[in-house]
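To start, the structure under review is shown below, and the notes come after it.
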Amino acid sequence: MKRTVLYVALSQCLLWSAVAQTPKKPAAPKPAPAASTAPKKPMTDQNAPRIKFTEYDLPNGLHVILHQDNTTPLVAVTMMYHVGSKNEQPGRSGFAHFFEHLMFEGSENIKRGEYMKIIKGAGGQLNANTSNDRTFYYEILPSNKLELGLYMESERLLHAKVDEKGVETQREVVKEERRQRYENQPYGTFFPQVLSHAYKVHPYKWAPIGSMEDLNAAKIDEFRSFYKEFYIPGNAILSIAGDINPEETKKLVEKYFGEIPKGTKTPYRPNVKEPEQKAEVRDIIYDNVSLPGVFQAYHMPPQGDPDYYALDVLQTLLAAGESSRMNKELVDKQQKAVQTGVFPLSTEDPGLFIAIGIANMGVKAEDLEAGMNAEIEKVKKELVSDAEFQKVKNQIETNFVNQNAGVAGIAESLANYKMYLGDANLINTELERYNKVTKEDLRRVANKYLTKENRVVLYYLPKAMEPKKEGKGD
C-alpha cells in the first residue's frame, strides 16, 4: 500500500479546506458552543481537571513523559525530535521533512515497507508531521500493544534504514507531495512565498518542504550525517499517554531505549536573529487561480512571549469562526471575500501573524486589502466590547480543552510544552496566560505589531492578469 504522509502546514490546512474556487458564499454552519457570550466563570486552568504526569531522563539523555488515563483501552506512543527546517543548512533545505518520510522505510530489524503494515495489523494508526522547529511521530494502539509501539519507535531511533534505495524512493515521494500540496493547489505556494519574503537571514525563510534542488543535490553521506546528528536520545522526547501502568511502562522504556547510545555530535541550533523590518514588502504572484488572494504577514514574538498570547486572542477575534469580525464584515456584509483567515505562526523563534483573504468574484485585490486593513485599524483604535471579549475567551478555552481531550493530543501537548518552553506542566497552567490578556492588550499589540512597516503583502492574481512582456521587435 502506498504511503501518503499527511503533512500540511497549518496555513495550508486552513486555506485548502475552506477556499473554493467559486464566488458563491459558503453556507453558514450551526453556531458552535464556543461562540456563546453567556456569562461564565473567568477562563482559568482551575476550572478543568489537572492532567497528571511524570517525567524523567534516561542516562542517555532521552526525556520521558508518562500520563496515565485508564478510561479507554488505548495508548499513544509519541516521539518528538527537536529538529525542523530551522536546523537545516543553506543549500540543504528540506532534510527534516525528508526524514519524516525516510523514517518509515524500516530499520535493521523491520523490513522495508513493513512499518505501517505492522502498526495497522495490530489495530493501530500512525502518522508524522514536520514543522519549522520539530518533527513528531506517533502511534495510537490498543493498550495491550504498548510494547510494540515502544519497539517500533526505538528501532527508528537506534538504527533506521538510511540507504540509497530508501533515499531515492523518498526523493520521488517528496517531489510528488510538493506537486500536489504546493504547485498544483490554488494559492498553494503562498506559505513558502510568505516566508521567503518575510525572512532575509533566519532559516525560517524556507518552508519545511524545502527545495527539490537541494534534496536532489544531497549525497547519501549527508543524509546519514543528518540522522546521526539529530536523531539521538538527547534531542528527543518520548511522550506516552493512555491506558498504562507507569511503573511497568518505565521498565519497558528502559528495555527498548536504555541501550541506545547518546550520540557523538551536538545538534545544530541556529543563533540567528532576523533584523527588524523597517519597510513594507510587497509583491505579486501570478498563479493558476480564478479569484485574487491577499496574504499579509506581520512579524511577531515567539511562543511563550506574553505578547504572543495577546496576538493569539486577537486572531480569534478577527477570524475564528462565522461570528468573527472579518467573516461578518468582509464575507457576509460587504461580500468582498469568499474566505478570510488569520493565524499566528507558532514558532520557537519570532514568527509571523498571517492574515488571508480570497476575493469574491469581481472584487479587486486592492479593495479586499483595504477591507482587511480596515478591520485591523478598528482594533487599533477601539476597545473590544465586554461581550465580544468574553466570547473570544470562551472560544480559546473550548479549543484548548478539545485539543487535550484525547490521549494523542495530551501526549503531543506535553512534549510541545517541554520542548518549546521547557515546562510540560504548562498543559495545566497555560490558560492562565491567556486569562491575563486584557482588552487593552489587544489594542496595544495591534498598534505595536500590525503596522505597515512590519509586514509583507502578497497578491495572488490570475495568470491572465500578468502583463505581457514586450518582445525585442515590438
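The values are calculated or read from the model by the stated rules, or taken from the named source; none is laboratory data. These figures come from a predicted structure and were not determined experimentally. When we count neighbours, we look across all protein chains shown, and the Cβ atoms used for this are built from the backbone with ideal geometry, even at glycine. Calculation scope for accessible area: heavy atoms of the full protein, side chains included, ligands and nucleic acids excluded. Shrake-Rupley method; radii C 1.70, N 1.55, O 1.52, S 1.80 Å.
Just one residue in the set PRO90, PRO59, PRO42, PRO73 is open to solvent by 60 Å² or more (accessible area, probe 1.4 Å), modelled with pLDDT under 90 and not small (Gly, Ala, Ser); that residue is PRO42.
Residue count for the stretch 164-201, restricted to those that are among the aliphatic types (A, V, I, L, M) and farther than 19 Å from GLU213 by Cβ: 3.
When TYR227, TYR298, TYR231, TYR256 are checked against the criterion of being over 24 Å from LEU148 (Cα atoms), surrounded by 14 or more Cβ atoms within 10 Å (Cβ to Cβ) and among the aromatic types (Phe, Trp, Tyr), TYR298 stands alone in meeting it.
In the stretch 210-224 there is at least one residue that is over 30 Å from LEU458 (Cα atoms), in a helix (DSSP H, G or I) and β-branched (Val, Ile, Thr). Per the listing GLU412, GLU453, the residue uniquely in a helix (DSSP H, G or I), over 25 Å from GLY293 (Cα atoms), at pLDDT 95 or above and open to solvent by 40 Å² or more (accessible area, probe 1.4 Å) is GLU412. Are any residues in the stretch 376-409 of a type in the set (D, E, K, R), touching a residue at least 60 places away in the same chain (Cβ under 8 Å) and assigned to a helix (DSSP H, G or I), and if so, which ones? Matches in the stretch 376-409: LYS380, LYS381, GLU388, LYS391, LYS393, GLU397. Candidates are the residues of the stretch 112-160 that are among the aliphatic types (A, V, I, L, M) and closer than 22 Å to VAL174 by Cα; the one that is farthest from the chain's Cα centre (by Cα) is ALA160. In the stretch 304-332, which residues are open to solvent by less than 10 Å² (accessible area, probe 1.4 Å) and outside any helix (DSSP H, G or I)? Listed by number, the list holds a single entry, SER324.
Restricting attention to the stretch 420-450, the residues being in a loop (DSSP other than H, G, I, E, B) and either open to solvent by 50 Å² or more (accessible area, probe 1.4 Å) or among the small types (Gly, Ala, Ser) (or both) number 5. Sort through PHE99, PHE104, PHE136 and tell me the only one that's under 23 Å from ALA411 (Cα atoms), open to solvent by less than 40 Å² (accessible area, probe 1.4 Å) and in a loop (DSSP other than H, G, I, E, B). Of the residues listed, the single one that is under 23 Å from ALA411 (Cα atoms), open to solvent by less than 40 Å² (accessible area, probe 1.4 Å) and in a loop (DSSP other than H, G, I, E, B) is PHE104. Note on the stretch 364-409: among residues that are open to solvent by less than 60 Å² (accessible area, probe 1.4 Å), small (Gly, Ala, Ser) and within 30 Å of ASN425 (Cβ to Cβ), the one that is farthest from the chain's Cα centre (by Cα) is GLY406. GLN335 passes every criterion in (1) open to solvent by 10 Å² or more (accessible area, probe 1.4 Å); (2) touching a helix residue (DSSP H, G or I) at 6+ places or on another chain (Cβ under 8 Å); (3) not in a helix (DSSP H, G or I) apart from (2). Here GLY166 passes the criteria (1) open to solvent by 50 Å² or more (accessible area, probe 1.4 Å); (2) more than 30 Å from LEU414 (Cα to Cα); (3) small (Gly, Ala, Ser) except the one numbered (1).
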